[in-house]
Amino acid sequence: MLMEDHIRRNKQLTIVVCTLMAFLFLIVIFAFGYIFFHDMYIALLFGLPVALVYVLITYSFSVQTVLSAAKARPANPRNREEKLLIYKVEEMAIAAGLPTPKVYVQDSEHINAFATGKKPENAVICATTGALKKLKADELEGVIGHEMSHIANRDILIATVTIGVVGAISLIAEILFYSMFWGGAGRGRKGDGNAILMVLAMVLIILAPIFARLTYLAISRKREYLADANGARFTRNPEGLAKALAKIKSDHPTDKPKGSKTVAPLYIANPFKQINISSVWSTHPPIDERIKRLRSM
Amino acid sequence: MDPIWWVLIVIVILVVFFLLIYWGFYNRIIRMENRIDNSWAQIDVQLRRRAELIPNLMETVKGYMKHEKEVLENVTKARSALMNAKTPQKNIDADNMLTGALKTLFAVAENYPDLKANQNFLNLQDELTHTEDKISYARQHFNDSVLSYNNTIETFPGMWFAKRMNKKTREMLQIPDAAREVPQVKF
């Protein structure tokens, strides 16, 4: 498939994901409202604007949030390694036909990189100092090519929006849970028949964040393969990224990874991995499989 | 209802459907053409950037490499040829000549340790290498854009719309030490 088809498919997937998320969202809000106010309409009137504002705010501040969570700083062109990183990002941007993203650096011994931003026009690519030290030029290029693909495929947009929505769903579920403990619900004004609905509502509240997360993770893994493939297309050198992934796999740095778990999918490799779990719960496909696919190109 | 109404409704739906597809392809083809033009302009920008760096480089090295007249002259000659190139192919030929001349210059510079310690020289060397990489990627992107475009207007059903719009296939750049194999993306 052409890159254009992949991008189009991604955009269509976004719509599907957003619809699904919106649906889950609505269910959660209904349940929330029903349990608290025993009236759906009040719930909607109250809950929906709050939820929308929450998602909008997380979306607007997404870039700053991710960067400060990662404690990233702008790359310093006076430092030769960082200057060469800036050069690599510029080169990949030209290969992708996109404006050059801003370049940031995260001080960490881990080998990793991530991309963030709302549109290609205001995108950011960040690499760790560990990556700059431990990777050779063609390996670093492979990694940057992968991140550039994420930007080109509009993955960063989808990731940001879904993170916001998943976060909102989880937040509401949590609020509800805590309020249960303090006996805020179930005054049973309308009689026992509604107890069943109450239980149903609670079950939905518990399951919704799980479904949201599973959808998000499934999509996220497919996108990682796509980013590997397109990155290889930009660099014309799949072996570079394959070698970088192999190095990441065998790297055992001593300092703790920075950044929250939520933004893990934006990185090239899961910074929180202890073993290579290839379960439905992981945001990235197993490294061995990624290397195998790259080497078969 | 009269069957004739059903027939008319179906016809209207088909026409609308066809128009929507035409709209889609029309926009797609235009966008791809724009991308080709844009990527061509980008190659030009980088070539100019490299040409701009050369005088700086000459100033920095001439004090150190006084006896390498031929090497330095080759670079200057190649640069002029590039500035005067009018066609895309002449562009590439002149560009190759300049790349070769610069390679020789940097190889010869290895014999001058004082020059190699000069920070200005090192920065220029980095930047020239970087600019040459950018030129190479810009060409790659141009060829990729042309390939996508050609694929769209040559395959079914794009070819119908392309004919209506009077669009012809474009030529890719022939680069001597050609790009490495495009990896087979099995996805």
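What follows is calculated from the coordinates using simple rules that are stated; it is not laboratory data. These numbers were taken from a predicted model, which means no experiment stands behind them. Neighbour counts run over all protein chains shown; Cβ positions are idealised from the backbone, glycine included.
Report, as an integer, the average count of C-beta atoms from other chains found within 10 Å of each Cβ along B:130-141. Working shown, then result.
Details: counts 7, 3, 0, 7, 6, 2, 4, 11, 4, 2, 6, 7.
Averaged over the peptide's residues, the number is 5.
Highest average first, the peptides B:23-30, B:141-148 ordered by how many other beta carbon atoms sit within 10 Å of their residues are B:141-148, B:23-30. Once both labels are positioned 7 Å from their Cα atoms along Cα-to-Cβ, the gap between B:Met58 and A:Glu81 label points is 3.8 nm.
Close amide H contacts of A:Ser108 (hydrogens built in the peptide plane, cut-off under 5 Å, sequence separation of 5 or more or a different chain): A:Thr129, A:Gly130. Loop-located GluC sites (Glu not before Pro) in segment B:58-115 (DSSP state not H, G, I, E or B) with no more than 13 neighbouring Cβ atoms inside 10 Å: B:Glu110. Highest average first, the peptides A:216-225, B:162-171, A:69-78 ordered by how many other beta carbon atoms sit within 10 Å of their residues are A:216-225, A:69-78, B:162-171.
Ordered by the number of other Cβ atoms lying within 10 Å of each residue's own Cβ, fewest first, B:Phe161, A:Phe25, B:Phe18, A:Phe114 fall into the sequence B:Phe18, B:Phe161, A:Phe25, A:Phe114. Where does helix B:88-109 land angle-wise versus the long Cα axis of chain B, in degrees 0 to 90, nearest 10? Roughly 30 degrees, rounded to the nearest 10. For the segment A:88-94, counting C-beta atoms of other chains within 10 Å of every residue's C-beta and taking the mean gives 5. The mean number of Cβ atoms from other chains found within 10 Å of a Cβ in peptide B:34-44 is 1, as a whole number.
Applying 1/(1 + (r/R0)^6) with R0 = 35 Å to the Cβ-Cβ distance of A:Glu109 and B:Asn38 gives a FRET efficiency near 0.30.
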